[in-house]
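The values are calculated or read from the model by the stated rules, or taken from the named source; none is laboratory data. Computed from a predicted model, the values in this text were never measured in an experiment. Cβ atoms come from the backbone with ideal geometry, glycine included; neighbour counts cover every protein chain shown.
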Amino acid sequence: MQDRTYAADAEPGSRATVAGWVHEIRDLGGIAFLILRDTTGRIQVKFEKDEMDDELVETGLDVSRESVVAVTGDVEEESRAPTGVEVVPDSIEVIAPADTDLPLDPSGKVDAELSTRLDNRTLDLRKPDVKAIFEVRAEILRAAREELRAVGCTEINTPKIVATGTEGGTELFPITYFGEEAFMNQSPQLFKQLMVGSGLERVFEIGPIFRAEEHNTPRHLNEATSIDFEGAFCDHSDAMDVCEEVVKGVYEAVEENCTAQLEAIGVADDFSVPDGEFPRLTYEEAIERINATGALDQQLVWGDDLPTEGEHALGEEIGGHYFITDWPSEIKPFYIKDYDDDETVSTGFDLMHPRMELVSGGQREHRHDHLIEGFKQQGLDPDEFEYYTKMFKYGMPPHAGWGLGGERLVMTVLGLDNIREAVIFPRDRQRLSP
Ligand code: ATP
Ligand code: AMO
């Protein structure tokens, strides 16, 4: 729209056309106000009934809440107006009238269930606190991208329709690809590894991953956004350094560029950039410390997955992000490299936030014969992955990397209760639309 002025930019003494949504109408008798809302904020439009054209007053005051209007008039200073200025209109156009039976109240005065909000995201994101989550999410992804570029990575995009899975066969969504069985990709794992052996060496991808996980929890999605890093001539320790840099860089960017959003969401007082180095605990130390907390009925032993209550107890004790390293080889995937001097221990690591796991990664098995052996041990047919394994015969450097769950990052940075709040249109067990 040409010549449109945003609410926040309307200067006293100027003429302006402001356009947006009818947030509220307040009729005080002789004088009435229409509060107009756009992406920058709100502005008051004043109607002095006796002094203005009747038709103009009627149009301005009869319009339903959430209708889209354009108002043209003089902008005046007015200390009693919420933003210190108001528009005295000489024309008002109702561009898109809204039905009066709104499924959700964008003024936020009436609370709505999460499912109602997710069904009506257009209206939901008219609320400043909800809109702010997605502005912070955009900043988080921008900052992660910048950090990864700064360490010499090239951004890549890999296929989401694939012939084989990598992260466990039961969690794949099957699809039909011209009569052939195919799947939605669970992780760019194999593709990003293939690119460290190319001329690119260091790569990252920010893209969707698909997991057919049956369970319904506040931290699992069936379609999530993964921030993936992979670097040639890196070991797991180098990969953890990059991971720590990216996560801290994200917090710093949010602190620097999202002050208003943190206020709007109501978390400004709780937000802080993690300080100090993230501690690195071995898996063995982690299970010992979890056992010592007494949080579990049964003592953990080598080879056990860490149960959620155990992770929470340890997270509470540590009070910030921490890595768990040196996992048992048997519970890490085939592509993770084991230590040369002890094949029962892997170079796999997880980055934990006190509330949940954020990242998995590790050094990769780059030796062709060991890789083939790993497939077999995991019950996978190496022939199905020939497109991947054969490249390990033509000069594959040692390499390491990780995958960071984008929504879990947003969720933990902002202290959101449910991962669905970090996605505009989440996909979960019950939700395929919108
Ligand atoms: P990732 O899936 O990326 O490996 P994660 O932290 O989600 O990371 P999971 O293996 O999915 O790992 O689950 C981690 C923990 O969550 C496990 O201890 C598991 O018992 C617990 N968990 C999984 N599903 C549920 C559920 N539906 N309800 C409660 N806890 C669950
Ligand atoms: P992993 O399966 O642990 O590792 O996934 C990496 C990170 O992605 C996020 N994540 C999810 N977030 C929301 N909903 C889900 N269903 C979900 N599943 C995973 C988590 C998790 O830590 N290929 C390896 C990574 C690597 O080694 O580079 C992988 O995919 O934050």
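Restricting GLU255, GLU223 to those that are in the same structural domain as LEU148 (by TED's automatic domain parsing) and within 14 Å of ligand 2 (Cβ to nearest atom) reduces the list to GLU223.
Applying the selection to segment 214-242, what residues are more than 16 Å from ligand 1 (Cβ to nearest atom), acidic (Asp, Glu) and in a strand (DSSP E or B)? Please lay out each step first, then the result.
Keep residues of segment 214-242 that are more than 16 Å from ligand 1 (Cβ to nearest atom), which gives 230-242.
Those still in the list that are acidic (Asp, Glu) too: 230, 235, 238, 241.
Hit for segment 214-242 is GLU230, nothing else.
When you check SER64 against the structure, is it of a type in the set (S, T, N, Q), surrounded by fewer than 13 Cβ atoms within 10 Å (Cβ to Cβ) and under 40 Å from the mean Cα position of the chain (by Cα), yes or no?
Working: of a type in the set (S, T, N, Q): yes; surrounded by fewer than 13 Cβ atoms within 10 Å (Cβ to Cβ): no; under 40 Å from the mean Cα position of the chain (by Cα): yes.
In short, no.
Mind telling me which of the residues GLU245, GLU201 ends up being at pLDDT 95 or above, loosely packed, with under 15 Cβ neighbours inside 10 Å and away from ligand 2 (no atom under 14 Å from the Cβ)?
On the way: GLU201 fails: loosely packed, with under 15 Cβ neighbours inside 10 Å.
Among GLU245, GLU201, only GLU245 is at pLDDT 95 or above, loosely packed, with under 15 Cβ neighbours inside 10 Å and away from ligand 2 (no atom under 14 Å from the Cβ).
Whenever a residue of segment 338-361 is more than 26 Å from GLU309 (Cα to Cα), its partners that are part of a strand (DSSP E or B), lying with C-beta atoms within less than 9 angstrom and at least six residues away or across chains, give the pairs ASP338/THR344; ASP338/VAL345; ASP338/SER346; TYR339/VAL345; TYR339/SER346. Of all residues in segment 185-213, those being assigned to a strand (DSSP E or B) and hydrophobic (A, V, I, L, M, F, W, C) number 5. Every test in (1) in contact (Cβ under 8 Å) with a residue 24 or more places away in the chain; (2) at negative phi; (3) out of contact with any Ser or Thr (no Cβ under 8 Å at 6 or more places or on another chain) is passed by ILE209 save one, and that test is (3).
Check segment 367-387 and report whether any residue there is of a type in the set (Val, Ile, Thr), more than 16 Å from ligand 1 (Cβ to nearest atom) and out of contact with any Ser or Thr (no Cβ under 9 Å at 6 or more places or on another chain). Reasoning before the result, please.
Residues of segment 367-387 of a type in the set (Val, Ile, Thr): 372.
Applying the additional criterion that residues be more than 16 Å from ligand 1 (Cβ to nearest atom) yields 372.
So of that shortlist, the ones also out of contact with any Ser or Thr (no Cβ under 9 Å at 6 or more places or on another chain) come out as none.
No; the residues of segment 367-387 include none that is of a type in the set (Val, Ile, Thr), more than 16 Å from ligand 1 (Cβ to nearest atom) and out of contact with any Ser or Thr (no Cβ under 9 Å at 6 or more places or on another chain).
The residue that is farthest from ligand 1 (Cβ to nearest atom), among those in segment 310-347 that are closer than 18 Å to ARG408 by Cβ and in contact with a Phe, Trp or Tyr (Cβ under 9 Å, 6 or more places away or on another chain), is GLY320.
Going residue by residue through segment 245-264, is there one that turns out to be of a type in the set (Lys, Arg) and within 16 Å of ligand 1 (Cβ to nearest atom)? No; the residues of segment 245-264 include none that is of a type in the set (Lys, Arg) and within 16 Å of ligand 1 (Cβ to nearest atom). Counting only helices (runs of 4 or more DSSP H) that sit completely within segment 304-411, those holding 1 or more residues that are among the hydroxyl-bearing types (Ser, Thr, Tyr), buried (at least 17 other Cβ atoms within 10 Å of the Cβ) and within 14 Å of ligand 2 (Cβ to nearest atom) correspond to 386-389. Of the set (1) within 16 Å of ligand 1 (Cβ to nearest atom); (2) within 29 Å of CYS234 (Cα to Cα), all apply to GLU139 but (1). Which of the residues spanning segment 256-294 are out of contact with any Gly (no Cβ under 9 Å at 6 or more places or on another chain), crowded, with 16+ Cβ neighbours inside 10 Å and within 17 Å of ALA143 (Cβ to Cβ)? Answer for segment 256-294, where residues must be out of contact with any Gly (no Cβ under 9 Å at 6 or more places or on another chain), crowded, with 16+ Cβ neighbours inside 10 Å and within 17 Å of ALA143 (Cβ to Cβ): CYS258, GLN261, LEU262.
Candidates GLU201, GLU135, GLU167: the one that is touching a Gly at 6+ places or on another chain (Cβ under 9 Å) and in the same structural domain as PRO333 (by TED's automatic domain parsing) is GLU201. Taking segment 74-115 as the range and being small (Gly, Ala, Ser), farther than 22 Å from ASN418 by Cβ and surrounded by fewer than 14 Cβ atoms within 10 Å (Cβ to Cβ) as the test, the residues that pass are SER79, GLY84, SER91, ALA96.
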